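K.L.:
Below is a structure I'd like to ask you about.
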Amino acid sequence: MCGIAGIFDNNSKRSPESLNKGLQMMLNAIKHRGPDDRGEKKINSKNGINIYLGHRRLSIIDPSQGGHQPMSNNDSTIWITTNSEIYNYRELKDELEHEYKFRSKSDTEVLLRSYEVWGIDCLKKIRGMFAFAIWDDTNNKLVLARDRIGIKPLYYFSKNNIFIFSSELRAILASKIDKPGVNPTGIFQYLSYGRVGSIDSILDSIMELPPGHFLVADKHGIKVQKYWDPFNENKLEQSPTKIVQRIGSCLDEVARQHLVSDVPIGTFLSGGIDSSAVVSMITANNPTPIRTISVTFQDKDYDESKYSSLFANLLGTNHHELLLSERDLIESLSPALASMDQPTVDGINTYMISQASKNMGLKVALSGLGGDELFAGYNSFSLVPRLNKIKKILNCLPTGLRKQLANLASNLMPPSDKSTKLNHLIKGQYNGAHAYFLFRSLFCEQELRSLFSDPLILKKEITKNLNHTKELIDSHSRLSTVDLVSYLEMTHYMATTLLRDTDMMSMAHGLEIRVPLLDHKLVELMFSVPSNMKIKPGIPKHLLVNSLTRKLPEFIVRRKKMGFTLPFEVWMRGEMRPEIESVLLSRSEKLPDFISQDGVQKIWSNFLDKRCSWSRPWSLYVLKKWIDKNL
């Protein structure tokens, strides 16, 4: 994987020197994404348009200079800079070789030639993770595209005839071509859900290109267009046995494609179903023992090492364990926070295991991300339908009675995150237009009222969020409850939290993480499976478990789900407390227009009194640190 950056100058009044300097600063800011090579190109085009393309390379396929970017076609009418792994590049190359004599063995040249032959329709053919920019000189336009699932990030800025793009938001900030301010929508989304959503960002003039979209910038402006969604109108009408076989064949194909690399590959292994499934898929399709990596803790409540080591021994992997202590986290806290491209309540765990993987000599690691979303592994698949039933009953009650019930619940239940959400459920405040959004909430509406300095800003953002989520739910009204929750988990949570965190925390170490369970063909297949087949009482993610060529042992399948989390609840009351407290109890000069210091201190007190979980004060700590460092 790599880092890309560029500037489209549409007859602006800025000097070429200042724009070239802006590109240099952007490339410096994303050096960690591509330590192996650096390239840049200025293109003087027609109608006074100038293009500046830049690239930082992490060499995975064809590490020779043949893969150097920016790369052009034979007559230099098309230029590309890309952050991508095209898993079917060999098949595409075979299809194109009758027209071209390829100059390299890189997938970049295949992507370039694919655009040259098929134009933007090449997006229908490529299979992989990508965020790329192509300058099409013949048509005088810049094309940006992002993969279907949102595995690779892509941000852009457009103002005063200047269009800037990059793999990281902070790179655009580093260009100093503009000075964006804090985005109230970004602050609201972060406090509501622990991350900033897609399209908007934490800064008011920098946008994220959504997954499954492409963008065209030309002398007339910019246009964003969707090119993919995962839904097929027709559900599969095959027997359960045939469907399991189809999923199994797809998993094997995905495994073989994700092994394409000219550098060593490893796999994260927690001992849960998803990571174990990926290891099973790889070992069934690769005769060479693969390296597996697990994180272990002294606190047995968080440690899964007995499961991961047993499974690694069973499959004969070259297994490695990383023991993490509170001291290790404290020592890594500053560089981990400095690696956050946008504030997020998650991601530190990925930073730690990515660092360990890089230290082992790996450039590529596979992850089990996507298993819970596609195969109905989260408790949201059972809890959200129950919340919706309760919501329908409550909607029949008078408002006054609902308030009385909410007060009664608050008095009877000890203060906690769950009791706060129950209170809001009874009142009809869902942090969105569906009970799912309450399920995924960080701070609920009442807490947001104490955190926001300006109630008018909060009111505007609540209305905006309600309208946006209502439009989202209404546009997918034909989906079953299972498919709707699956789609929301993929787009509202996974794409904006898990995938974003995975990218920025792994690329901080120059490590590429691949996610086989998010291959778009597998995603399409799973959304074509009848909903009533996806959940089977007593067997978690049974379609994934039963589809594997190399079956998982019972001690993996039947064990209690843990999730890959660090023991923050304990550590923030221990050795981390002075650091957290010093930040939360001091007033930030850059946030007073948005965040109430009294509200922050109240959250910290609630945590110390065990009235809320660690994620609430941690999110405020991260926000303050990010703002102070980057603005």
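K.L.:
Taking the range 181-200 as the region of interest, how many residues are out of contact with any Phe, Trp or Tyr (no Cβ under 7 Å at 6 or more places or on another chain) and outside any helix (DSSP H, G or I)?
P.N.:
8
K.L.:
For the range 238-269, name all the residues that are hydroxyl-bearing (Ser, Thr, Tyr) and open to solvent by less than 40 Å² (accessible area, probe 1.4 Å).
P.N.:
Here is the first cut: in the range 238-269, the ones hydroxyl-bearing (Ser, Thr, Tyr) are 239, 241, 249, 261, 267.
If the condition is that a residue be hydroxyl-bearing (Ser, Thr, Tyr) and open to solvent by less than 40 Å² (accessible area, probe 1.4 Å), then 261, 267 are the ones that fit.
K.L.:
While we're looking at this one, here's another question. Scan 495, 435 and give me the residue that is in contact with a Pro (Cβ under 6 Å, 6 or more places away or on another chain) and crowded, with 16+ Cβ neighbours inside 10 Å.
P.N.:
None of the others qualify; the one that does is 495.
K.L.:
Applying the selection to the range 352-373, what residues are of a type in the set (Val, Ile, Thr) and under 25 Å from residue 520 (Cβ atoms)? Spell out the reasoning first.
P.N.:
Looking only at the range 352-373, we keep the residues that are of a type in the set (Val, Ile, Thr), and these are 353, 364.
Passing the criteria: only 364.
K.L.:
Would you please name the residue that is farthest from residue 545 (Cα to Cα), looking only at residues in the range 325-376 that are modelled with pLDDT under 95 and part of a loop (DSSP other than H, G, I, E, B)?
P.N.:
Looking at residues that are modelled with pLDDT under 95 and part of a loop (DSSP other than H, G, I, E, B), I get 325.
K.L.:
Just wondering, is there one or more residues in the range 144-158 that are modelled with pLDDT under 95, surrounded by fewer than 20 Cβ atoms within 10 Å (Cβ to Cβ), under 25 Å from residue 27 (Cβ atoms) and not charged (D, E, K, R)?
P.N.:
Within the range 144-158, not a single residue is modelled with pLDDT under 95, surrounded by fewer than 20 Cβ atoms within 10 Å (Cβ to Cβ), under 25 Å from residue 27 (Cβ atoms) and not charged (D, E, K, R).
K.L.:
So residue 78 ticks every box in (1) crowded, with 23+ Cβ neighbours inside 10 Å; (2) in contact with a Leu (Cβ under 9 Å, 6 or more places away or on another chain) but one. Which box is left unticked?
P.N.:
(1)
K.L.:
Let me ask something else. State whether one or more residues within the range 330-349 are more than 27 Å from residue 296 (Cα to Cα), of a type in the set (Ser, Thr, Tyr) and open to solvent by 60 Å² or more (accessible area, probe 1.4 Å).
P.N.:
Within the range 330-349 (the criterion being more than 27 Å from residue 296 (Cα to Cα), of a type in the set (Ser, Thr, Tyr) and open to solvent by 60 Å² or more (accessible area, probe 1.4 Å)), the answer is no, since none of the residues qualifies.
K.L.:
Residue 229 - would you say it is under 19 Å from residue 498 (Cβ atoms), under 24 Å from the mean Cα position of the chain (by Cα) and open to solvent by 10 Å² or more (accessible area, probe 1.4 Å)?
P.N.:
no
K.L.:
Mind checking which residues of the range 28-61 are open to solvent by less than 20 Å² (accessible area, probe 1.4 Å), in contact (Cβ under 8 Å) with a residue 60 or more places away in the chain and either part of a helix (DSSP H, G or I) or within 18 Å of residue 3 (Cβ to Cβ) (or both)?
P.N.:
Correct list: 30, 33, 34, 51, 53, 58, 59, 60, 61.
K.L.:
Right, here's the next one. Given the conditions (1) among the charged types (D, E, K, R); (2) open to solvent by less than 60 Å² (accessible area, probe 1.4 Å); (3) free of Cβ contacts under 8 Å to residues at least 24 places away in the same chain, which single one is not true for residue 569?
P.N.:
(3)
K.L.:
Right, another one. If you check every pair at least six apart or on different chains, which have Cβ atoms under 6 Å apart with a residue in the range 276-301 that is closer than 20 Å to residue 360 by Cβ first and a residue that is loosely packed, with under 14 Cβ neighbours inside 10 Å second?
P.N.:
Qualifying pairs under 6 Å: 289/316; 289/318; 291/318; 296/323.
The values are calculated or read from the model by the stated rules, or taken from the named source; none is laboratory data. Keep in mind it's a predicted model, so treat the numbers as computed, not measured. In this analysis, Cβ positions are derived from the backbone assuming ideal geometry, glycine residues included, and neighbour counts consider all displayed protein chains. In case anyone asks, the SASA skips ligands and DNA or RNA and just uses the protein heavy atoms, side chains included. Shrake-Rupley method; radii C 1.70, N 1.55, O 1.52, S 1.80 Å.
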